[in-house]
Amino acid sequence: MGEASPREPLERELKFAGVELAALRARLLELEAERLAPSSLEDSWIFDRQGELQAADCMLRLREDGRGAQVTFKGPARVEGAVKVRREHVMRVDSGEQARALFESLGYRVVRRYQKYREEWRLGGEMIALDHTPIGDFVEFEGANAEVIARRCGFDPAKADLRSYQRLYEEHLERHPEAPRDMLFP
């Protein structure tokens, strides 16, 4: 694969688990980061067709939040240093319900649903997402200088978690088979 074109942007992400969100908020304020939006619920559906996307290390997601609905396709991940990098196409859609119906008409089925409360910040050109999920609190640093911003916030990029929320929940289910099939708030 070559480098991404402007039509094929790259997502560069560092994720950390077990984050103390209140302490991180205080650090972001010290650094004069800009809080872009208050915490809001994101509801996401992951689609696949007979496991073909998972086998190719790709993901098709429909997300609904307070701003509307968006469809995201993520290509295979690779690691550069400590950063997970993958092609990512995102587009807003008028109706999440219509998007789900379209995917199902194409043979895609929901394989996982998950929720999180996300609070977005920006420091310089980098995005910082504080995520509260049913399986714990996380932070994601995204952008070309994600490693630098993570260090400024007190995180060691070498300790970043490369797993997706989908994979994290699958592992949670392996340890807790009694847990609900989807990662949802009660």
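Nothing in this text is a laboratory measurement; each read-out follows from the coordinates by a stated rule. Model, not experiment: these values are computed from the prediction. Cβ atoms come from the backbone with ideal geometry, glycine included; neighbour counts cover every protein chain shown.
Here are the numbers for the structure shown:
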read-out: Charge tally in the Cβ shell below 12 Å around Phe185, where Lys, Arg are +1 and Asp, Glu are -1, Phe185 excluded; value: -1
read-out: Over the chain: helical MRE at 222 nm, DSSP H runs n ≥ 4 each giving -39500 (n - 2.57), nearest 500; value: -6000 deg cm²/dmol
read-out: Folded to 0 to 90 degrees: helix 21-30 orientation relative to the chain principal axis, Cα; value: 50 degrees
read-out: Separation between Cα centres of the range 131-146 and the range 45-106, rounded to whole Å; value: 18 Å
read-out: Sorted by Cβ density within 10 Å, fewest first, the residues Val110, Val79; value: Val79, Val110
read-out: Size of charge dipole - the chain - debye, nearest 20, with Cβ of Lys, Arg +1 and Asp, Glu -1, no other charges; value: 200 debye
read-out: The range 10-175: Rg to Rh, with Rh as the Kirkwood radius over Cα pairs; value: 0.96
read-out: The range 6-53: GluC sites (Glu not before Pro) falling in loop per DSSP and having at most 13 other Cβ within 10 Å; value: Glu20, Glu32
read-out: Under 17 Å from Lys84, Cα to Cα: lysines that are on another chain or at least 8 residues apart; value: Lys15, Lys74, Lys159
